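**Q** Mind having a look at this structure? Questions to follow.
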Amino acid sequence: MNSPDVTPAERYRQVAAAFTDRVQGVPDGGWSRPAPPDGWAARDVVNHLTEWFPAFLNAGTGITLPQGPPVSDDPLANWTTVSDAVQGLLDDPGTADRVLDHPVAGRHQLDQAIHNFFTADVFMHTWDLARATGQDETLDADYAAELLAGMESLDEVLRSSGQYGPKVEVPEDADVQTKLIAFIGRQP
């Protein structure tokens, strides 16, 4: 799931910038607003990203990412601390040959592991945070199409992971973003 003309570092930079914009744009009182998936608040979207990936990365590489202040105190600093460290890994030529060897996810080049697991998750959760906080929900259509094409072939595996809800039915002629959001179990 990686365009040959966009490196994992470049794609992450683009995706993380869009998510950071949404974090910065949360209005006063917005962090407690309900967010997809059901049962989450807007702050849980940030907390999810800054908790699961550092643990995943550490389990597969031994790399410990720095942690910012708790999301309850400063969601922006919490997010940017982790995000900047991930970007640093992707930009560091010294990590080019590093491998993630995860007990569940398997063995992957580090940059591809970040791209396939984290960048994609940040991208989709950008929509969640925007939806929760009344911001622009528009996602990059080309990357949405790329993700959707890759995920559709893994439908059963993804559903059985428990990480995605049931697909939401949308019209056949829906745009690609709507199809992606519906595929991951969100109501577009």
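Only the coordinates and a few stated rules stand behind these numbers; no lab work does. Because the structure is a prediction, the values reported are computed rather than measured. Every residue, glycine as well, gets a Cβ built from its backbone with ideal geometry; the counts of neighbours run over all protein chains shown.
**Q** Where the only charges are on Cβ atoms (+1 Lys, Arg; -1 Asp, Glu), what is the dipole of the stretch 8-138 about its Cα centre, to the nearest 20 debye?
**A** Once rounded to the nearest 20, the dipole reads 160 debye.
**Q** Something else: Kindly put Met151, Met124 in sequence by how many other C-beta atoms sit within 10 Å of each C-beta, fewest to most.
**A** Starting with the residue having the fewest Cβ neighbours, the order is Met151, Met124.
**Q** Let me ask something additional. For the stretch 8-138, with the dipole built from +1 on Lys and Arg beta-carbon atoms and -1 on Asp and Glu ones, taken about the Cα centre, which of Leu89, Gly25, Pro8 lies farthest toward the positive end?
**A** The one lying farthest along the dipole's positive direction is Pro8.
**Q** Quick one: net charge of Trp127's neighbours, Cβ under 12 Å, K/R +1, D/E -1?
**A** Summing Lys/Arg as +1 and Asp/Glu as -1 gives -2.
**Q** Please rank Asp44, Asp155, Asp173, fewest neighbouring Cβ atoms within 10 Å first, as an exposure proxy.
**A** Asp173, Asp155, Asp44
**Q** If you plug each phi of the stretch 84-100 into the Karplus form 6.51 cos²θ - 1.76 cosθ + 1.60 with θ = phi - 60°, what whole-Hz ³J(HN,Hα) values come out, in order, with x for Gly and Pro?
**A** Couplings: 4, 5, 5, 4, x, 4, 5, 7, 7, x, x, 9, 4, 9, 5, 10, 9 Hz.
**Q** Gain in length, Lys167 to Ala17, computed as 0.36 nm per residue apart minus the alpha-carbon separation, to one decimal in nm?
**A** So the chain would gain 51.2 nm between Lys167 and Ala17.
**Q** Around Asp91, under 11 Å between beta carbons, what's the net of Lys plus Arg minus Asp minus Glu among the other residues?
**A** -3
**Q** I've got another one for you. With labels modelled as points extended 7 Å from the Cα through the Cβ direction, what inter-label distance (nm, one decimal) is found for Glu10 paired with Val99?
**A** My value for the distance between the label points is 2.7 nm.
**Q** Next up: At Val157 and Asp121, where each label point lies 7 Å from the Cα along Cα→Cβ, what is the point-to-point distance in nanometres?
**A** 1.7
**Q** Turning to a different aspect of this structure: Please arrange Asp128, Asp5 by counting, for each residue, the other beta carbons lying within 10 Å of its beta carbon, fewest first.
**A** Asp5, Asp128
**Q** If you don't mind, there's one more thing I want to ask. Once fully extended, how much extra length lies between Asp38 and Thr64, figured as 0.36 nm per residue of separation less the alpha-carbon to alpha-carbon distance?
**A** 6.3 nm
**Q** A further question on this structure: How large is log10 I(q)/I(0) at q = 0.09, 0.14, 0.15 Å⁻¹ when the Debye formula is applied to the Cα atoms of the chain, each weighted equally and without solvent?
**A** -0.31, -0.79, -0.92
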